[in-house]
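Here is the structure we will look at.
The values are calculated or read from the model by the stated rules, or taken from the named source; none is laboratory data. Predicted model only: the values in this text are computed from it and were never measured. FYI the Cβ positions are ideal-geometry reconstructions off the backbone, even for glycines, and counts take in every protein chain you see. The area values use the complete protein model at the heavy-atom level, side chains included, leaving out ligands, DNA and RNA. Shrake-Rupley method; radii C 1.70, N 1.55, O 1.52, S 1.80 Å.
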Amino acid sequence: GFELRIIGSDGTTKPRILYSDKTVPNAQPFAWTPDGKSILSLLIGSGKIRPSRIALIAASDGAARTLKEFPSGGPARLCLSPDGRWVAFDSPYDDPLRGEGSEKCDLFLLSADTGRERPLVAHPADDRLLGWSPDGRWILFSSDRSGTWDAWLQPVEDGAAKGEPRLLKRDLGDPKIMPMGFARDGSFFYGVRARHAHVY
């Protein structure tokens, strides 16, 4: 399985194992908290249902504090607000009126302090988290609500949606683009998977 390890930023110190659990074969780190004391991570269990949980891993001793558990599956991406107070994630919505077994996602916010959860973007379309703006005022996400996968901005304030999302860029192409994050000037970088086929 995958472990979390840390090493000095200068690369001269020997890496040490921070988090290792045989019942968690996949531990994915997403972000350091602004104070440098914890690492926002997704811990994915084994088995067919693959339970997972959003957790903060203490950088001092590797202790995991669970913020939210998923009986099966879980979010594809997590983002921490610049002030470290909120965790944004996407997850399949739980609404039988929209169809059982749907893989379409909505966006949610989770308090990093209390674990309290709030819906952020609820829409019949498939909405996928991309990132949190450096100033903390916007969350960028992709959505197929117009028929193509477009980039949208959702304004946020104090852990809640503030107004309706607005369209930023049409037709990103691949629905599963690879977010790389924001630069300090607000530019967002992402990768697109290139697919090629040959005829034989």
Scan around residue 190 for amide H atoms under 5 Å from its own, H built in the peptide plane at 1.01 Å from N, and keep only partners 5 or more places away or cross-chain. 180
Per residue, accessible area of the chain with a 1.4 Å probe, heavy atoms of protein chains only, in Å², comes to 60 Å²
Give me P(r) over the chain, computed from all C-alpha to C-alpha distances, binned every 10 Å, as integer percentages. 8, 32, 36, 19, 5, 1
For the stretch 106-118, in residue order, the Karplus 3J(HN,Hα) values (coefficients 6.51, -1.76, 1.60; θ = phi - 60°; whole Hz; Gly and Pro = x) are 10, 10, 9, 10, 10, 5, 6, 8, 9, x, 5, 10, 10
Using θ = phi - 60° and the Karplus curve 6.51 cos²θ - 1.76 cosθ + 1.60, what whole-Hz ³J(HN,Hα) does each residue of the stretch 7-15 get, with Gly and Pro shown as x? 8, x, 5, 7, x, 8, 7, 6, x
At R0 = 30 Å the Cβ-Cβ FRET efficiency linking residue 30 and residue 198, nearest 0.05, sits at 0.25
Amide H neighbours of residue 63 under 5 Å, counting only residues 5+ apart in sequence or on other chains, H built in-plane at 1.01 Å? 58
Expressed as a rounded percentage, what relative contact order does the chain have, with Cα pairs under 8 Å and six or more residues apart? 10 percent
For a label point 7 angstrom out from the Cα of residue 180 toward its Cβ, which stretches of the stretch 10-35 have the backbone nitrogen within less than 20 Å? 29-32
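When the convex hull of the Cα atoms of the stretch 1-87 is projected onto a plane and the area is averaged over all directions, what value comes out in nm²?
On the way: hull surface 23.9 nm².
Computing the convex hull of the Cα atoms and averaging its projections yields 6.0 nm².
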Ignoring any ligand, DNA or RNA, what whole percent of the accessible area of the chain comes from carbon and sulfur when the probe is 1.4 angstrom? 52 percent
Using a Debye calculation, one point per C-alpha and no hydration shell, please list log10 I(q)/I(0) for the stretch 149-189 at q = 0.26 Å⁻¹ in order. -1.05
What translational diffusion coefficient, in µm²/s and rounded to a whole number, does the Stokes-Einstein relation yield for the stretch 104-200 at 20 °C and a viscosity of 1.002 mPa s, taking the hydrodynamic radius as the Kirkwood radius over Cα pairs? 148 µm²/s
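Tell me whether the stretch 56-95 comes out rounded, prolate or oblate; compute the Cα gyration tensor, take square roots of the eigenvalues as a ≥ b ≥ c, and use a/c under 1.5 as the rounded threshold. Intermediate results must be reported in sequence, preceding the final value.
Values: a/c = 2.87, a/b = 1.49, b/c = 1.93.
Oblate, since a/c reaches 1.5 and b/c is not below a/b.
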How large is ³J(HN,Hα) for each residue in the stretch 160-166, as worked out from phi by the Karplus curve 6.51 cos²θ - 1.76 cosθ + 1.60 (θ = phi - 60°), to whole Hz, x for Gly and Pro? 8, 5, 10, x, 8, x, 10
Taking 21 Å as the cut-off for C-alpha to C-alpha distance, list the pairs among 14/37; 37/68; 68/104; 68/176 that go past it. 68/176
At the level of C-alpha centres, the distance separating the stretch 156-170 and the stretch 1-24, in angstrom, is 36 Å
Listed by chain and number, the residues whose amide H is under 5 Å from that of residue 68, excluding neighbours fewer than 5 places away on the same chain and using placed H, are 54
